[in-house]
Amino acid sequence: LRQLNRNYALTSLTKRIKTMDGTPLENVIDVVGGFWGSNFDLLTMKRSEQIFDYSRRLAKTFKRSYVQYFLLTPVYNVIDANDAEMILNDSRILDKGLLLRFLHPFLKTGLLTSSGKKWHTRRRLLTPTFHFNILQKFMEIFKSESRKFIDDLWKQIDLADFNGSVSLNELIPRFTLNIICETAMGVRLDDCADGDEYRKYYSRIEDILIERLKNPIMSFDWIFFKFQNGKNYLKSLKKLHSFSSGIIKKRREMLEEELQQQEFELIERIDQDDNNAYGKQRYAMLDSLLFAEKEGLIDHRGICEEVDTFILAGYDTISMNLIYALRCLAMYPDVQAKCYEELQECIPEDLSGLNMKQLNNLKYLDCVIRETLRLYPSVPTVKRECIADTVVGGNLFLPKRTQINLHIYDIHRNPKYFPDPEVFRPERFMSSEKRHPYAFIPFSVGQRNCIGQKFAILEIKTLLIHILQNFQLQSVSDCEELKFSTGLLLRTNTNVKIKLNKRN
Ligand code: HEM
């Protein structure tokens, strides 16, 4: 029995994580939970803020990576940059964990959720669709949508019943969803689909996923889909899939029309002789997929997977960063003033000619965005799963099915890498001081890093510039009380509000 207990977490019905050289695991890494493992730790937590706080408490208590055991799954929680480097550089650990598997009915196996050969082929197909030249074309859309956003704000502020503050969670996601659809998909939402409805059902799906995560029994599909949450999940999925199908249908029609008229005036098109991995012209994402379909490289189901994936990955991640960045600018008037000064120095007043080179010159704004991503990483945790027994770092044995939670949030707030980690100080990114290369990883690192990171930074900078040029931001009185909740992204439990005063 003692031998059995050494190798298996018996009450969690799983093999144990252990050292290869026999050193007690506790000497290397902390272990949470006693006899019952962590099976019931989350079960009693009613609100998702409690789950978020629970993980933060463990990180603060242990100050190093730690292990938990849930039903059938050992969990390795990484909160240290050295351990993150070890995991993210390991080409055997590229599969996503359980939470992302719960997303399969929604995304099937698109770029975010797929693995192995399928992931490789798709990554190769999609990487050129975020090439510099395509991003340059997208700049026009970033600018026109930003101008529209500002016009809408001016109108809102001019209304007689305007109460002085705006709710960022309502305004920003509308903007970012429009942009991902108009750029990567080549379709304006006004023409074909209801973005507000998409966001409503997406939010429901996220809530249900977190509920599911709390109860290990619900990890089995055949149980989950028998309960109300499972049924609601499928109902919401129908709405989300009909949104993305509408976009694909619309773009297919547009493209056919253009092909018939032999008028290849796609905004994504660049010089004839500029080739991508498949020896063809470069197009934006959905057009690339539709052309790849004609050549038999992907089918309709595959296109749906990627459209669902890119809408999900490409809008709310940016929304959350913009929301936190605007809140920080409102809370720290000196930081805001420095950004505004930099704008006046580097950017012409007329923003219609704004280009990527000018955006790259805004070094201080860059630091503000980085500091926001450090304190509030839109993706707070990256998930991985060992698909076979794996030894990492030469001595740590991770059994098959081990879930790896790489807590970017905790790594970013580790005082070892960032002194006074809770303080918002963009200047820390100005200094040439060397820090651990895995201490700041908001877009992850390695083979499965974020394919849209350059796109994201350009979009974020463009909107921030438009807002800063038109408004002075001011915090509202209850600004300090930001409570985070667990979700696919770093969420707050209440909407973030700021005040906007028109600049002369
Ligand atoms: C502030 C904005 C963003 C942040 C913080 C962010 C962060 C991340 C992170 C941490 C990952 C790794 C996830 C994992 O390993 O499970 C990732 C992957 C990914 N991101 Fe982003 N992202 C952002 C914006 C975008 C945008 C704008 C797009 C698309 C236009 C995008 C598309 C993707 C895709 C498709 C993947 C999966 C890549 C793969 O596995 O090959 N992201 N992102």
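The values are calculated or read from the model by the stated rules, or taken from the named source; none is laboratory data. Quick caveat, the model's predicted, so the values are computed rather than measured. Cβ: placed from backbone, ideal geometry, glycine included. Neighbour counts: every protein chain shown. SASA here: full protein model, heavy atoms, side chains in, ligands and nucleic acids out. Shrake-Rupley method; radii C 1.70, N 1.55, O 1.52, S 1.80 Å.
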statement: Averaged per residue, the 1.4 Å probe accessible area of the range 442-504, protein heavy atoms only, in Å², is roughly 42
query: Between ASP21 and ASP196, what is the label-to-label distance in nm when each label sits 7 Å out along the Cα-to-Cβ direction?
result: 6.3
statement: Rounded to the nearest 0.05, FRET efficiency between MET356 and LEU4 (Cβ-Cβ, R0 56 Å) equals 0.40
message: Suppose we keep just the DSSP beta bridges with both residues in the chain; what percent of those would be antiparallel, to 5?
response: 80
- prompt: With respect to the cross-link table entries LYS200/LYS249; LYS137/LYS250; LYS46/LYS238; LYS18/LYS416; LYS60/LYS96, which display a Cα-Cα separation exceeding 24 Å?
  reply: LYS46/LYS238; LYS18/LYS416; LYS60/LYS96
field: Cα-centred dipole magnitude for the range 441-504, charges only on beta-carbon of K, R (+1) and D, E (-1), debye, nearest 20
entry: 200
task: Identify, among ASN395, SER236, CYS346, the residue whose Cα sits farthest towards the positive end of the charge dipole of the chain, taking +1 on the Cβ of Lys and Arg and -1 on the Cβ of Asp and Glu, with the dipole about the Cα centre.
output: ASN395
message: If I fit a long axis through the Cα atoms of helix 132-158 and take the longest principal axis of the Cα atoms of the chain, what angle between them do I get, 0 to 90°, rounded to 10?
response: 80
statement: Taking GluC sites (Glu not before Pro) in a DSSP loop with at most 15 other Cβ atoms within 10 angstrom as exposed, one finds the longest site-free stretch of the chain at 1-262
field: trypsin sites (Lys or Arg not before Pro) within the range 190-250, DSSP loop, no more than 12 other Cβ atoms inside 10 Å
entry: LYS226
field: Between helix 285-294 and the chain: long-axis angle, C-alpha atoms, 0 to 90°, nearest 10
entry: 80
field: Accessible area per residue in Å² at 1.4 Å probe, computed on the range 272-416
entry: 36
- prompt: What angle do you read, to the nearest 10 degrees and between 0 and 90, between the alpha-carbon axis of helix 333-346 and the longest principal axis of the chain?
  reply: 50
statement: In whole Hz, the Karplus estimates of ³J(HN,Hα) for the range 111-120 (6.51, -1.76, 1.60; θ = phi - 60°; x where Gly or Pro) are 4, 5, 10, 7, 8, x, 5, 4, 4, 4
message: If amide hydrogens are placed 1.01 Å from N in the peptide plane, which non-local residues have theirs closer than 5 Å to the one on ARG491?
response: SER485
query: Where does the chain land at 222 nm, in deg cm²/dmol rounded to the nearest 500, when only DSSP H runs of n ≥ 4 count, each adding -39500 (n - 2.57), divided by all residues?
result: -16000 deg cm²/dmol
